[in-house]
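This report concerns only the one structure given below.
The values are calculated or read from the model by the stated rules, or taken from the named source; none is laboratory data. Fair warning: this is a prediction, and the values are worked out from it, not measured in the lab. All Cβ positions, glycine included, derive from the backbone under ideal geometry; neighbour counts span all protein chains shown. Remember, those area values only see protein heavy atoms, side chains included, never the ligands or the DNA or RNA. Shrake-Rupley method; radii C 1.70, N 1.55, O 1.52, S 1.80 Å.
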Amino acid sequence: MGLIQFLRSLFFGSGPQSAGTASRQYSDQWNAGSSSANQNSSTPTATAPETVRTRPKLVPLRRHKKGRNRQLISGERGLKTAPYQLAVPDVTSPGTFLDLSRDGDSARRADWELPELTTPQDLADWLEIPLGHLGWLTGRYLDGKRPLDASKAHYHYTWKQKRKGGFRLIEAPYPLLRQVQEQILDEILCCVPTHVSAHGFKTGCSVLTNAQPHLGKDVVVKLDLDNFYTRVRYSRVVALFRGIGYNREIAIWLARLTTSAIPGNLRFPGGQPKLMSLFLPRHLPQGAPTSPALANLVAYSLDIRLNGIAESFGAQYTRYGDDLTFSGDHKFRASLRLFLPLVRQIIRHERFVLNPKKMQVVRPCSRQLVTGVVVNQKPNISRKEFDRLKATLHNCVRLGPESQNRTNHENFRAHLRGRIAFVQQLNPARAEKLLMIYNRIKWS
């Protein structure tokens, strides 16, 4: 009877049951029946129908909102007088104000020993600048919260062409804003821990610590996040400051001090409309001292998920800025067809974009290079990079250091010494040879 029911469901529909359920029931019945029948007869056993392979798909995370936030909002609006200076007006009720200073988490701030800030005046006192100057730095008095042109902005804008095509916008803050951002970095952001897999722009971490987990692996997979800083929007920075315990008022002010909104008339190289849509929203500026730390903290959930899926496949995962690296043994190499689609889904769910042109799968027969460090057997510098630096030092001895300073470094002597120090971390014997040549250079 089981076989007849299965054929009927296959040709005429499964009725209330699904085809997969019917096939599983048939398989169970047939296996049970065949095991008893084989004891009394030599009837050949039938095989269950083949299962169809489906592409793996992740279930997105569900983030539940806390009800207490909605209650706080209802109790903070409609105030007849401003609860503090530069309070936000309530647009739903003209002539009233919002109090956004009540929903902080003092216990969380105390865990990381963060400064106690409740109102904009507290923030101005902590930064030791007048409240009016602080509002000017955030663009509070500008129409649309955006500078009309570059002359009224707090950043110096420079377009630089990438080696593999495209352009990068460098937004360097002017001295006053840079001083404010450095204080936010030193006294707030550096106190909040990042994920252990993140090695970029952290005290005690370097390109060497990022490369060490991938030594001697059977395969190394390198991925790159496209426009990493630019895709971290203002809303995510506000959410980050809220997550470390600050109320909405302070989170908004801190986010405006650490993000950038470019002028609408800023010229884009090549007239590319894609660049305009990418940079016009308020974002993390590449060139601000706070951007690396903020990007590491925003990518915390990305690191958790990628590290978790790497461990489930028996692989290693590290991230240095926008460079993602995975490595593993031969079993991991055989599962890349399953692993890489899952990684792409996680990156997309975390609102980042993968650069498909920079994806590399490197096996032991090729040079495995992770953030400038060769990791095939032991940490080492690439032969090409060593020969280039050695030739530069020889030319400095023969022709003088001025002839080799093609990129106009202000302190070319310290620049060369730093490159030798990097080689010394990886290969002390080679660094000793370079240092002997360096000591023969005649500096004017």
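Please sort by residue number the trypsin sites (Lys or Arg not before Pro) in region 225-267 whose DSSP state is loop and whose Cβ has at most 15 other Cβ atoms within 10 Å.
The qualifying sites are ARG267.
Over region 263-396, what is the relative contact order in percent, taking alpha-carbon pairs closer than 8 angstrom and at least six residues apart?
Relative contact order here is 12 percent.
Considering only region 279-385, what is the antiparallel percent among its DSSP beta bridges, to the nearest 5?
90
Rounded to the nearest 10 Å², what accessible area does HIS330 have for a 1.4 Å probe in the complete protein model?
110
Taking the Cα centre as origin and putting +1 on Lys and Arg beta-carbons and -1 on Asp and Glu beta-carbons, what dipole magnitude results for region 123-180, to the nearest 20 debye?
My answer is approximately 600 debye.
Where nothing but the Cβ of Lys and Arg (+1) and of Asp and Glu (-1) is charged, how large is the charge dipole of region 287-424 around its Cα centre, in debye to the nearest 20?
It works out to roughly 500 debye.
Taking only protein heavy atoms and a 1.4 Å probe, what accessible area per residue, in Å², does region 117-197 have with all protein chains in place?
55
In whole Hz, with x marking every Gly and Pro, tabulate ³J(HN,Hα) for region 118-128 from phi via Karplus 6.51 cos²θ - 1.76 cosθ + 1.60, θ = phi - 60°.
Once rounded to whole Hz, the list reads 10, 10, x, 5, 4, 5, 5, 5, 5, 7, 6.
Give the shape of region 319-409 as rounded, prolate or oblate, defined through the alpha-carbon gyration tensor: a ≥ b ≥ c are the square roots of its eigenvalues, a/c under 1.5 means rounded, and otherwise the shape is prolate if a/b is larger than b/c and oblate if not.
Judged from the Cα gyration tensor, region 319-409 comes out oblate (a/c at least 1.5, b/c at or above a/b).
Round to the nearest 0.05 the FRET efficiency obtained for ASP105 and ASN395 when R0 = 51 Å and r is the Cβ-Cβ distance.
Approximately 0.30, to the nearest 0.05.
Quick one: grab the alpha carbon gyration tensor of region 182-320, order the square roots of its eigenvalues as a ≥ b ≥ c, and give me rounded if a/c is under 1.5, else prolate or oblate depending on whether a/b is larger than b/c.
Oblate, because a/c is 1.5 or more while a/b does not exceed b/c.
Give me the net charge for the shell around LYS433: Cβ to Cβ below 13 angstrom, other residues only, Lys and Arg +1, Asp and Glu -1.
+1
What pairs in LYS358/LYS390; LYS217/LYS433; LYS162/LYS331; LYS160/LYS217; LYS202/LYS390; LYS162/LYS202 have C-alpha atoms more than 32 Å from each other?
Too far apart for the 32 Å limit: LYS162/LYS331; LYS160/LYS217.
Using r as the Cβ-Cβ distance of ALA82 and PHE268, and R0 as 51 Å, what FRET efficiency do you calculate, to the nearest 0.05?
It comes out at approximately 0.80.
Assigning unit charges at the beta carbon (Lys, Arg +1; Asp, Glu -1) and nothing else, what dipole magnitude in debye, to the nearest 20, does region 94-191 show about its Cα centre?
With only Lys, Arg, Asp and Glu charged at Cβ, the dipole is about 1020 debye.
Tell me, what is the 1.4 Å probe accessible area of THR203, in Å² to the nearest 10?
Per-residue accessible area (THR203): approximately 140 Å².
Just subtract the alpha-carbon distance of GLN161 and ILE304 from 0.36 nm times their residue separation and send over the number in nm, one decimal.
Extra length from GLN161 to ILE304 when fully extended: 48.2 nm.
Accessible area of HIS409, 1.4 Å probe, to the nearest 10 Å²?
Estimated to the nearest 10 Å², HIS409 gives 70 Å².
Using only alpha carbon pairs under 8 Å that are at least six residues apart, calculate the relative contact order of region 118-229 and give it in whole percent.
That works out to 12 percent.
Would you mind working out the accessible area per residue for region 206-306, using a 1.4 Å probe, and quoting it in Å²?
30
Say the dipole of region 325-387 comes from +1 at the beta carbon of Lys and Arg and -1 at that of Asp and Glu; which of ASN376, PHE386, PHE332 then lies farthest toward its positive end?
Farthest towards the positive pole: PHE332.
Quick check: with the 1.4 Å probe, what order do LYS358, LYS152 take by accessible area, largest first?
If we order LYS358, LYS152 from most to least accessible, we get LYS152, LYS358.
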